[in-house]
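Below is one structure; the comments refer to it alone.
The values are calculated or read from the model by the stated rules, or taken from the named source; none is laboratory data. Just so it is clear, the structure is predicted and the values come from calculations on it, not from any experiment. Backbone-built Cβ (ideal geometry, glycine too); neighbour counts: all protein chains shown. Remember, those area values only see protein heavy atoms, side chains included, never the ligands or the DNA or RNA. Shrake-Rupley method; radii C 1.70, N 1.55, O 1.52, S 1.80 Å.
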Amino acid sequence: MGRYLVTGGAGYVGSHIALALLDRGDEVVVLDDLRQGHRAAVQPGAELVVADLADRHRVQEVLAGGRFDGVLHFAALSLVGESMREPLRYIAENVGNTLWLADAAVRAGVKRFVLSSTAALFGVPTRIPIDEEETLAPVSAYGESKLMAERGLDWADRIHGLRSASLRYFNAAGADPGGRLGEDHDPETHLIPNAINAALALGPPLTVFGTDYDTPDGTAIRDYVHVADLADAHLRVLDRLSERGSCRYNVGSGTGASVLEVIAAVERATGRPVPHVLGPRRAGDPPVLVASNAMLRKETGWVPRLGALDDIVGTAAAWRMKHPRGFRDLVGVAA
Ligand SMILES: NC(=O)c1ccc[n+]([C@@H]2O[C@H](COP(=O)([O-])OP(=O)(O)OC[C@H]3O[C@@H](n4cnc5c(N)ncnc54)[C@H](O)[C@@H]3O)[C@@H](O)[C@H]2O)c1
């Protein structure tokens, strides 16, 4: 059993990983300022510290007294479009918060650090599926901020021996199969929850960005990885970090689904049509992004168990149908 600090653990991905740690008997302290996250997403059994990561002294205090076996770092600004309007804020905040957090971890004697990184590091990839050898060439300030954070962590390892894993997620999706958690962002920018919201008349009709890509149905193809599989990847990587040193993995299901395939899956899961309009491509959106997960599988034994699109969409839709107002339904007040 270990004790872990989970930054951003009241948010979508972080809350699912915190849940997986609790489920196997680890102790969890969540640090989140609730700007996007929800108090109700923090499970009983986890301690919640409400604080901004930019408050370095508070972060140092939490780490210094915490006897942590590792830090899992999810808290970040993560909207690609916003990052292109405010690149300096994105880079300063994501890089600064990650590296000061790593600094506090080093001072507190913590030896393991897991960073939520992203496929946005690769920009427009040169080959599909995308493996760890792909050129790092972000085309957004968001992607650049994660690349710089990864590089900073290399120095923390080289000089201070802080072992880190950078997990480059593709599209995290789905919800806890046990129905305890789901995805609830405001604004919501992800395709699957937006398609579900459109089907349930909880949001506007979906816009399909681009119908003339060189793909079988003309719409863009992405790799959706179930958030419970993502959680399993975190646990496997975390448990191997001390013995094998810093590492980087691409984390995706290894298969792609087009926007129209996602719409069809949402229609199956909800039993309702997804109202949608066809729009032009968005600048900078590559036609296909699919991960090679071969290295993760080989080195950790990970296999995506809920990789099928119907599992991903089915769990996401089940949670939203049960909680139409998201986490607000769980507390009865704005969460
Ligand atoms: N969701 C995806 O598909 C995806 C894909 C690739 C990478 N990622 C990365 O995974 C991580 C989690 O993504 P998510 O979708 O769960 O996002 P999210 O917004 O749901 O969760 C982030 C959490 O961090 C908190 N937070 C943000 N800034 C903070 C700060 N300065 N201090 C304290 N708390 C702060 C927010 O309140 C929120 O609860 C992010 O780092 C993101 O870049 C996500």
(message) So if I average 1/r over every pair of distinct C-alpha atoms in the stretch 234-319 and take the inverse, what Kirkwood radius in Å does that give?
(response) 15.6 Å
(message) How tilted is helix 87-107 with respect to the longest principal axis of the chain? Cα atoms for both, answer in degrees (0 to 90, nearest 10).
(response) 40 degrees
(message) Suppose each label sits 7 Å from its Cα in the direction of the beta carbon; what would the Lys298-Arg151 distance come out to in nanometres?
(response) 2.7 nm
(request) State the answer as a single residue: which of Leu88, Thr126, Ala137 lies farthest towards the positive end of the charge dipole of the chain, with beta carbon charges of +1 for Lys and Arg and -1 for Asp and Glu, about the Cα centre. (result) Leu88
(request) Hey, for a label at Asp55 modelled as a point 7 Å past Cα toward Cβ, could you say which residues of the stretch 183-198 have their backbone N under 15 Å away? (result) none
(request) Determine the dipole magnitude for the stretch 84-174: charges of +1 sit on the beta-carbon of Lys and Arg, -1 on that of Asp and Glu, nothing else is charged, the reference point is the Cα centre, and the result goes in debye to the nearest 20. (result) 280 debye
(message) Could you work out the relative contact order of the stretch 117-171? I mean the mean sequence separation of Cα pairs under 8 Å and 6+ apart, divided by the number of residues, in percent.
(response) 40 percent
(message) For the pair Asp212/Leu22, report the inter-label distance in nm, with labels modelled 7 Å from Cα in the Cβ direction.
(response) 5.0 nm
(message) Compute the helix-to-body angle for 12-23: its Cα long axis versus the longest principal axis of the chain, expressed 0 to 90° and rounded to tens.
(response) 60 degrees
(message) Can you give me the solvent accessible area of Met321 with a 1.4 Å probe, rounded to the nearest 10 Å²?
(response) 90 Å²
(request) Would you mind checking the stretch 232-260 for residues with the amide N under 19 Å from a putative spin-label position 7 Å along Cα→C-beta of Asp131? (result) 247-256
(request) Please give the calculated 222 nm ellipticity per residue for the chain, where each DSSP H segment of at least 4 residues contributes -39500 (n - 2.57) and the sum is spread over every residue; nearest 500 deg cm²/dmol? (result) -12000 deg cm²/dmol
(request) Provide Rg and Dmax in Å for the stretch 87-216, with only Cα atoms included in the calculation. (result) 18.1, 53
(request) Report the one residue of Leu5, Pro280, Val208 whose Cα lies farthest in the direction of the positive end of the charge dipole of the chain (charges on C-beta: Lys and Arg +1, Asp and Glu -1; origin at the Cα centre). (result) Leu5
(message) Restricting to DSSP loop positions (anything but H, G, I, E, B) with no more than 16 other Cβ atoms inside 10 Å of their own Cβ, which trypsin sites (Lys or Arg not before Pro) remain in the stretch 284-335?
(response) Arg305, Arg325
(message) Taking every alpha carbon pair in the stretch 1-136, what does the distance histogram look like in 10 angstrom bins from 0, in percent?
(response) 12, 40, 32, 15, 1
(request) With only Lys, Arg, Asp and Glu charged, each at its Cβ (+1 for the first two, -1 for the last two), find how big the charge dipole of the chain is about the Cα centre; round to the nearest 20 debye. (result) 420 debye
(message) So if I place +1 on the C-beta of Lys and Arg and -1 on the C-beta of Asp and Glu, and nothing else carries charge, what would the dipole magnitude of the stretch 28-119 be about its Cα centre? I want it in debye, nearest 20.
(response) 180 debye
(request) Please compute P(r) over all alpha-carbon pairs of the chain, binned at 10 Å starting from zero, and give each bin as a whole-number percent. (result) 6, 26, 37, 24, 7, 0
